[in-house]
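Right, one structure below, let's go through it.
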Ligand code: CP
Ligand code: NVA
């Protein structure tokens with residue numbers, strides 16, 4: 001039996017079996033939103049060094065539903081902004097809260113926080129990873145198709161943090177992930193993902209076609225024009241979706257830029273499950289918090 005994970009930084013902390021159990025628990029959480037009080041009267045610190053709508057809302061609401069108190073820490077309000085170290089912050093938070101979530105840029109910063117914290121640390125998005133998003137996405141697939149093993153997901157666009165987490169977490173669940181991106185924006189070889197520069201190749205036989213923004217929060221604003229130009233042929237459109245497997249669904253982690261990475265007709269169309277993904281963040285993260293903070 002695999003040991004219970006202490007942190008959730010990339011998704012690789014989970015075994016395939018633990019991931020599937022977590023997703024089954026997330027299905028249960030969705031049906032029973034107030035069914036667990038695993039965080040009763042405990043606090044979870046949520047450090048935001050980058051913007052957020054879904055992550056903040058789903059964690060705050062989810063922690064409350066688990067009986068806990070979400071403690072929002074915006075960097076500019078904390079002593080981190082005045083030079084207090086990550087190490088000292090980790091020590092102090094660990095003396096007061098049940099877990100720490102962090103959204104930032106460098107993955108090394110999150111690893112340093114986890115190294116010094118004695119409570120679980122959750123990656124709420126870094127430049128390289130967005131594993132909480134991938135949990136919600138697998139839950140969405142699981143609910144749509146009734147199973148995960150053998151499904152194919154095509155990711156089309158920038159080979160970014162979301163693509164990497166889908167490849168890592170998807171592989172753990174037996175989901176085949178293909179990434180179509182242009183040269184210079186392709187994902188590094190990871191977790192056996194199939195890499196191509198041709199969206200039509202990626203979507204062949206795919207049960208889901210996924211895209212994300214072309215300019216991420218951790219990308220330099222100066223790179224935006226070149227990114228948009230290079231990624232233009234990688235738009236998730238009805239035509240691209242039609243080339244996937246029959247019954248394929250469209251996914252997007254949001255925020256969306258209709259007319260860029262996704263067309264308006266896909267974003268609001270019949271085959272999208274995008275708004276389900278946004279809701280599933282809460283259910284999946286509640287199951288994650290229960291796994292990390294529950295009795296050991
Ligand atoms: N998908 C996602 O993480 O959204 P936010 O940036 O709004 O949190
Ligand atoms: N790749 C995007 C995801 C936003 C949820 C970013 O990092 O900005």
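For residue 163, the criteria (1) part of a loop (DSSP other than H, G, I, E, B); (2) within 13 Å of ligand 2 (Cβ to nearest atom) hold in every case but one, which is (1).
With respect to residue 24, determine if the residue is under 24 Å from residue 129 (Cβ atoms), without any contact (Cβ under 8 Å) to a residue 12 or more places away in the chain, surrounded by fewer than 15 Cβ atoms within 10 Å (Cβ to Cβ) and more than 16 Å from ligand 2 (Cβ to nearest atom).
Numbers: under 24 Å from residue 129 (Cβ atoms): yes; without any contact (Cβ under 8 Å) to a residue 12 or more places away in the chain: yes; surrounded by fewer than 15 Cβ atoms within 10 Å (Cβ to Cβ): yes; more than 16 Å from ligand 2 (Cβ to nearest atom): yes.
Yes: the conditions hold for residue 24.
Taking first residues from the stretch 44-68 that are more than 22 Å from residue 118 (Cβ to Cβ) and part of a helix (DSSP H, G or I) and partners that are modelled with pLDDT of 95 or more and within 12 Å of ligand 2 (Cβ to nearest atom), the Cβ contacts under 6 Å between residues at least 6 apart in sequence or on separate chains come to 54/278; 54/281; 55/124; 58/281. The requirement of being closer than 23 Å to residue 254 by Cα, within 17 Å of the chain's Cα centre (by Cα) and assigned to a strand (DSSP E or B) is not satisfied by residue 100. When restricted to residues that are in contact (Cβ under 8 Å) with a residue 40 or more places away in the chain, part of a helix (DSSP H, G or I) and either under 19 Å from residue 68 (Cα atoms) or touching a helix residue (DSSP H, G or I) at 6+ places or on another chain (Cβ under 7 Å) (or both), the stretch 114-142 contains 11. Considering the stretch 203-222, the residues that are loosely packed, with under 13 Cβ neighbours inside 10 Å and part of a helix (DSSP H, G or I) include one that is farthest from ligand 2 (Cβ to nearest atom), namely 222.
Restricting attention to the stretch 225-260, which residues are in a loop (DSSP other than H, G, I, E, B) and over 22 Å from the mean Cα position of the chain (by Cα)?
237, 243, 244, 245, 246, 247, 259
Answer with yes or no whether residue 186 is within 16 Å of ligand 2 (Cβ to nearest atom) and surrounded by fewer than 24 Cβ atoms within 10 Å (Cβ to Cβ). So residue 186 passes the test.
The residue pairs whose first member lies in the stretch 238-263 and is within 13 Å of residue 153 (Cβ to Cβ), whose second member is in a loop (DSSP other than H, G, I, E, B) and within 16 Å of ligand 2 (Cβ to nearest atom), and whose beta carbons are closer than 6 Å, counting only pairs six or more residues apart or on different chains, are 253/212. When you check residue 84 against the structure, is it without any contact (Cβ under 8 Å) to a residue 12 or more places away in the chain, assigned to a loop (DSSP other than H, G, I, E, B) and surrounded by fewer than 21 Cβ atoms within 10 Å (Cβ to Cβ), yes or no? For residue 84, the condition - without any contact (Cβ under 8 Å) to a residue 12 or more places away in the chain, assigned to a loop (DSSP other than H, G, I, E, B) and surrounded by fewer than 21 Cβ atoms within 10 Å (Cβ to Cβ) - is met.
Reported count of residues in the stretch 264-278, each being within 16 Å of ligand 1 (Cβ to nearest atom) and free of Cβ contacts under 8 Å to residues at least 60 places away in the same chain, is 4.
The values are calculated or read from the model by the stated rules, or taken from the named source; none is laboratory data. Here the structure is a predicted model, which means the values were calculated and not measured. Reconstructed Cβ throughout: ideal geometry from the backbone, glycine too, with neighbour counts over all protein chains shown.
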